[in-house]
C-alpha cells in the first residue's frame, strides 16, 4: 500500500471512528495505532504465504536481528509488488508472535 493510500484510508477510518465512538480515549488509541501503520512501524505477518511458510513484511529492517535469531530467512523477492520479507515455517508462528509481544513490536496477522 502506498503512503497516499494509507493516508486516505486513515482519514476515512478517522471519520468512521468519530461517527461510532464518542469516547475520546478509544478514538485516540485507534488513531495512534493507525499513525504507527502510516509510519511503517507495524510489521505484517501473512499466513499461508506458501504451503510451507508465512512471511513477515513491512519495516522489518529495524527488527532484522530479531527475525534472524527467530529462524527467519530473508526473502529478496517482493511480496505483491511490495517490499521483501522474512520467511518462516508455519510451526514458528506462535513463537514469533510471542517474541514480538515480548519486544513490544506491533504486528498484524492476515491470511493470504
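Okay, here's what the table says:
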read-out	value
Which numbered condition residue 5 fails, given (1) outside any helix (DSSP H, G or I); (2) at pLDDT below 85	(1)
Residues of the range 70-87 classified as modelled with pLDDT of 90 or more and not in a strand (DSSP E or B), total	3
Set 55, 45, 105: member being modelled with pLDDT of 80 or more, surrounded by 14 or more Cβ atoms within 10 Å (Cβ to Cβ) and part of a loop (DSSP other than H, G, I, E, B)	105
Residue match in the range 61-79 (condition: in contact with a helix residue (DSSP H, G or I) (Cβ under 8 Å, 6 or more places away or on another chain), exposed (fewer than 15 other Cβ atoms within 10 Å of the Cβ) and on the phi > 0 side of the Ramachandran plot)	yes
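The values are calculated or read from the model by the stated rules, or taken from the named source; none is laboratory data. Keep in mind it's a predicted model, so treat the numbers as computed, not measured. Please note: Cβ atoms are built from the backbone with ideal geometry, for glycine as well, and neighbour counts cover all protein chains shown.
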